[in-house]
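The values are calculated or read from the model by the stated rules, or taken from the named source; none is laboratory data. Quick caveat, the model's predicted, so the values are computed rather than measured. Heads up, the Cβs are rebuilt from the backbone with ideal geometry, glycines too, and the neighbour counts pull from every protein chain shown. For the accessible areas, the whole protein counts, side chains as well, though only heavy atoms, and no ligand, DNA or RNA atoms are used. Shrake-Rupley method; radii C 1.70, N 1.55, O 1.52, S 1.80 Å.
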Amino acid sequence: MMTVLQTNLLSKNTKATPCTMSDELDHTQLCQWLNAVGKMRDKQAFTHLFKFFGPKIQRISQNKLSNHAQANEVVQITMSNVWRKAHLFNESKGAATTWVYTVMRNVTFDLLRKVQGNKEDNLSDDIWPIVESVSAEEEAFDDHLENKQLLTVIDLLPEDQQQVVKGFYLMEMSQEQLAKHLNVPIGTIKSRLRLALAKLKMQLGENHD
Amino acid sequence: MIKHHPKIELLQSFIQGDLPASLSAGVAIHADLCSVCQQKIAQLTEHTAQVNFEEAFLDRFIVDDSAAIENIDVAHFDKMIAEITESNDVDTPEPVIEKTVTFKNSQYTLPTVLNNMVLSKTAHIGNLARARVQLNENEIHTSLLHIEPGGGVPEHTHKGFELTVLLAGSFHDEQGDYVKGDFIMLNGSVQHHPISDNGCLCYTVANDALHFTQGINKLLNPIGTFIY
């Protein structure tokens, strides 16, 4: 007569295989873009992210909500949250796709609760917290302060040299990756880097090299 | 030790955001206390995210007018990008504050997932006290249910489902003993008679009134509505 529905998950195999990376998703690239937005407010990296995720989020939401205006709203709020929360992304805790997925899932959940006549109470961030722990947050904050002084000097450089310096030194991208990312020949990257370093030396004085 | 967990199908719906807030919060409370389910959730999320953003998966959604939709949205997207990046504000997460709730002079720490939910005033019947969690989910009712030591709920059945997540203390029924963190999902065919020897606090979600089944207890059916 009595049926208990829950199952002990320990005895169950999960089909999830998080380590199998697909061929078509360039996780390293997505991760770099997300870090560039989080650490440097890099608009170009954000544009790349938007072009990658935007249309996909729209199709997923269109399928889930069957409403074009609401699907667009999910894209708008999700990508806006990506722009404002990217500094909370921690690559050691998971892939960029996972992080963006959780942001999208949370936005959709709150929107659905609102649309279905419940409440505008935005519970999603309590159910699925974006920040995992306070300590991780503090570390990011320290890094942020350290970079700040150097960033003010780098900000005095011309835009094209700034991108190369930030990419090479702060994001640890290779010169080849930067050439691909900025869509310029590798020789241009090398000369921009050389020019930028000469200027930074002047700004910071000889004792900083 | 926690022995009762959500089924894998329920976890999958949870990470996809397909469950109502009441059940989502139930899973979140359990996962906070259960590292096994925490890990399952992390794996399912990683996997689902990856599959969702692959073209092959998205291609299934392509309908006749999808090309038209994309044409319109390229210009729309450029405008969105410009608007979003205009602002330099960043979100700083608010520190998590510990909230407490008091039943019969005992203070309990509220699971953080409930921090921003509105609790109604506590109502009492006998050994039971109930505070409604106001989630506005129509026939789905969510409550904090407190049972005093020696108290219990008379033998009953449910027409719908009844989820109980044990937040503090312990109770037992014909099926066995339950401890803090246990996630107990019962369906309509179940008859049970939970008793708490030392008292307990539960998070409960049900979508129909409890129905008392035995002799004189049938007179208690208004309590069924009270608990539901």
Requested in this report: Just tell me which lysines come within less than 23 Å, Cα to Cα, of residue B:104; anything on the same chain fewer than 8 places away is out.
Outcome: B:121, B:180
Requested in this report: Quick one: grab the alpha carbon gyration tensor of the range A:19-98, order the square roots of its eigenvalues as a ≥ b ≥ c, and give me rounded if a/c is under 1.5, else prolate or oblate depending on whether a/b is larger than b/c.
Outcome: oblate
Report task. About the Cα centre of the range B:87-148, how large is the charge dipole given +1 on each Lys and Arg Cβ and -1 on each Asp and Glu Cβ? Please answer in debye to the nearest 20. Result -> 460
Report summary line: Note: B vs A interface, total accessible area buried (1.4 Å probe; ligands, DNA, RNA excluded), nearest 100 Å², is 6400
Query raised in the report: Cα centroids of the range B:175-210 and the range B:94-115: how far apart, whole angstrom?
Result: 21
Query - Dipole magnitude of the range A:27-95, debye to nearest 20 (Cβ charges: Lys/Arg +1, Asp/Glu -1, about Cα centre) - result: 40
Query - Alpha-carbon spread of the range B:99-192, three principal axes, descending order, Å - result: 34, 32, 25
Query raised in the report: Taking Cα centroids, how far is the range A:62-121 from the range B:16-47 in Å?
Result: 17
